[in-house]
Each structure stands twice: as structure tokens, then as C-alpha cells.
1. Any chance you could run the full-extension gain for Ala65 through Leu123? It's 0.36 nm times the residue separation minus the Cα-Cα distance, nm to one decimal.
2. Can you tell me how much longer the chain between Ala76 and Ala34 gets when fully stretched, taken as 0.36 nm per residue apart minus their C-alpha distance, in nm with one decimal?
3. Can you pull out the trypsin sites (Lys or Arg not before Pro) in region 47-76 that DSSP calls coil and that have at most 13 other Cβ atoms within 10 Å?
4. Calculated from DSSP H runs of 4 or more alone, at -39500 (n - 2.57) each and per residue, what is the 222 nm mean residue ellipticity of the chain, nearest 500?
5. Which distance in nm do the two modelled labels at Glu98 and Glu41 give, with both placed 7 Å along the Cα-to-Cβ direction?
6. Take the alpha carbon atoms of region 66-112, find their radius of gyration, then divide it by 2.2 N^0.38 Å using N residues; give the quotient.
7. For region 63-126, what is the accessible area per residue in Å², given a 1.4 Å probe and the full set of protein chains?
8. Which residues' amide hydrogens lie under 5 Å from the amide hydrogen of Val111, considering only partners 5 or more residues apart or on another chain, with H built in the peptide plane?
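The values are calculated or read from the model by the stated rules, or taken from the named source; none is laboratory data. Note that the structure is predicted; figures quoted are calculated from it, not measured. Here the Cβ positions follow ideal geometry from the backbone for every residue, glycine too, while neighbour counts run over all protein chains shown. Heavy atoms of the whole protein, side chains included, go into the accessibility calculation; ligands, DNA and RNA do not. Shrake-Rupley method; radii C 1.70, N 1.55, O 1.52, S 1.80 Å.
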Amino acid sequence: MVETPRAALTAGAIAGEAEFFSLGTNDLTQTTWAFSRDDGEGSFLGDYLERGIVEASPFETIDVAGVGRLVRLAVAEGRAARPGLTVGVCGEHGGDPESVEFFAEAGLDYVSCSPYRVPIARLAAGRAAVAPDCVGSDAR
């Protein structure tokens, strides 16, 4: 599991030992943003959304500029160290259509999410797989 910024930043070394990566985006989001989901959603995050400080909850849609950058880095460094490394995501982001599109573009092999989100995740992965800018991606 790649769930902390340090794990993403040292993905090349980890890939020397690991045969696959599962990116735990829920925990990666919490540690990157430096606040817990419970604290954020229960208090200030609603105000941030309402005031336009953030466009979407980083726990619902992947934060491409921050967490997404760590995802891209982990994929690139992991595959540089171990070509053919299987990389996927584990977490609720795997059931968000915008996040699934990002994961396909970033080169992930699969997404997983809670059962009730599987239908939308499959639809989003299918759309991402046929999108012109994701040609050649292996979104499943």
C-alpha cells in the first residue's frame, strides 16, 4: 500500500521489493492535506466548498494538483524501477468518475471501490479507456 507522501516519494525503492502497488488514496489524501476526513468533513470543509476555497472535497474527487502529483510520481518511479509494475487504487476515489478518468490518464491498471460504487466506476473506466487522450491506457 502506498498511503503516505513518503511512500509515493520513495516509490522507486519500494518497487525494488514490491510486485504491485495499491495506492490508498483515502489515507494519502489525509496525510497530504494534513487533516483527517472526519475532522474536515465534520467542520470546515463545507465552508471551504461554499466559499470556493476548494472546488470539490478532496475525499470525493482526487486532488490532481497535490495527491495526483504524488500518484503520478509513484507510478513513474515505480515502473522505472520495475517495468510492468501493476498499479491500482484502493479507496472511494475509485468510484468517482472524474478520479477514474485521472487514474486512467496516469496509467493505473485498475481501480477498486466499495460495492455500491462499482457500476459507476466500471462506466467511468470504460469511458476513459476510449477517450482520445487515454488511447493505449489499460483502464479496467
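1. Working it through step by step, the gained length comes to 18.4 nm.
2. 12.7 nm
3. Those satisfying the criteria are Arg51.
4. It comes out at -12000 deg cm²/dmol, rounded to the nearest 500.
5. 1.6
6. 1.08
7. Roughly 45 Å² per residue, with all protein chains present.
8. Placed amide hydrogens put Val89, Arg140 under 5 Å from Val111.
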